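Worksheet: one structure, shown below.
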Amino acid sequence: MDSPWIPVYSVGFATRKAIVMELAPTIIGLILAGKIGSHIASQLGTMRITEQIDAIEVMGMNSASYLILPKIIACLIFNPILIMLSIVAALFGGWWAAVSIGSMTSYEFIYGLQSFPHPFDLAYAIIKTVVFAYFISSISSFYGYTVQGGALEVGRASTKAVVNSSIAIILSNLVLTQLLM
């Protein structure tokens, strides 16, 4: 940013906009799809092939509401918390990088972070995160719950869950951006 027409604090402003609006929700959502999605699908798939789900149904319980609903609710609650933590960590990392290489002072970067606040930015990130969390948990639960076969099919279901959750995140990111912006 050597141009005299662009103020130095715009680095902090651009960092905040990029991290809050796109990078944190989308990238962390994709990472969580890999970690959480594969875990949910493999856990439910293993329960399906070892007939634990059948045992729950024999006891007269609704196995889907007993096994899937808590996973969806947990993702809807904790994924936004994780996104908020990642936003704080990324902004701190941006500040540290800008200040440590000597390109700007701490005051200039923080001034850029605080410049031109738009309260909807954070709400936009939370909305995206909640939608991503729902897709991750529901798609992964579907693939794990409907597994048939053995351990090899559980692995395939886990892979399908991660891939389809990632595709759903990317497509819903496009749709939400078009709708909300």
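Does Ala41 satisfy the criteria of being closer than 20 Å to Pro117 by Cα and out of contact with any strand residue (DSSP E or B) (no Cβ under 7 Å at 6 or more places or on another chain)? Give the steps one after another, and end with the answer.
Values: closer than 20 Å to Pro117 by Cα: no; out of contact with any strand residue (DSSP E or B) (no Cβ under 7 Å at 6 or more places or on another chain): yes.
No; evaluated as a whole, the condition is false for this residue.
Evaluate the following for Gly155: is it closer than 30 Å to Ala64 by Cα, surrounded by fewer than 14 Cβ atoms within 10 Å (Cβ to Cβ) and either of a type outside the set (Val, Ile, Thr) or free of Cβ contacts under 8 Å to residues at least 40 places away in the same chain (or both)? Reasoning before the result, please.
On the way: closer than 30 Å to Ala64 by Cα: yes; surrounded by fewer than 14 Cβ atoms within 10 Å (Cβ to Cβ): no; either of a type outside the set (Val, Ile, Thr) or free of Cβ contacts under 8 Å to residues at least 40 places away in the same chain (or both): yes.
So Gly155 fails the test.
Table: residues versus (1) more than 12 Å from the chain's Cα centre (by Cα); (2) of a type outside the set (Val, Ile, Thr); (3) not in a helix (DSSP H, G or I).
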{"residue": "Gly93", "(1), (2), (3)": "yes, yes, no"}
{"residue": "Tyr107", "(1), (2), (3)": "yes, yes, no"}
{"residue": "Ala123", "(1), (2), (3)": "yes, yes, no"}
{"residue": "Ser141", "(1), (2), (3)": "yes, yes, no"}
{"residue": "Gly149", "(1), (2), (3)": "yes, yes, yes"}
{"residue": "Arg156", "(1), (2), (3)": "yes, yes, no"}
{"residue": "Val175", "(1), (2), (3)": "yes, no, no"}
{"residue": "Leu179", "(1), (2), (3)": "yes, yes, no"}
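Tell me, which residue of the stretch 42-77 that is in contact (Cβ under 8 Å) with a residue 12 or more places away in the chain and surrounded by fewer than 19 Cβ atoms within 10 Å (Cβ to Cβ) is farthest from Leu122 (Cα to Cα)?
So, considering only residues that are in contact (Cβ under 8 Å) with a residue 12 or more places away in the chain and surrounded by fewer than 19 Cβ atoms within 10 Å (Cβ to Cβ), the one farthest from Leu122 (Cα to Cα) is Ile49.
Do the conditions hold for Phe13, that is, is it surrounded by fewer than 15 Cβ atoms within 10 Å (Cβ to Cβ) and part of a helix (DSSP H, G or I)?
Values: surrounded by fewer than 15 Cβ atoms within 10 Å (Cβ to Cβ): no; part of a helix (DSSP H, G or I): yes.
Criteria not met by Phe13.
Quick one: would you say Val130 is without any contact (Cβ under 8 Å) to a residue 24 or more places away in the chain and part of a helix (DSSP H, G or I)? Full working, then the answer.
On the way: without any contact (Cβ under 8 Å) to a residue 24 or more places away in the chain: no; part of a helix (DSSP H, G or I): yes.
In short, no.
Looking only at the stretch 165-175, which residues are surrounded by 19 or more Cβ atoms within 10 Å (Cβ to Cβ) and free of Cβ contacts under 8 Å to residues at least 60 places away in the same chain?
The one that is surrounded by 19 or more Cβ atoms within 10 Å (Cβ to Cβ) and free of Cβ contacts under 8 Å to residues at least 60 places away in the same chain: Ala168.
So is Phe109 under 30 Å from Ile6 (Cα atoms), crowded, with 20+ Cβ neighbours inside 10 Å and aromatic (Phe, Trp, Tyr) or not?
So Phe109 fits the description; yes.
Quick note: the coordinates plus some simple rules give every number you see, no bench work behind them. Please read all numbers here as calculations on a predicted model, not as lab measurements. With ideal geometry, Cβ positions are generated from the backbone for all residues, glycine too; neighbour counts draw on all protein chains shown.
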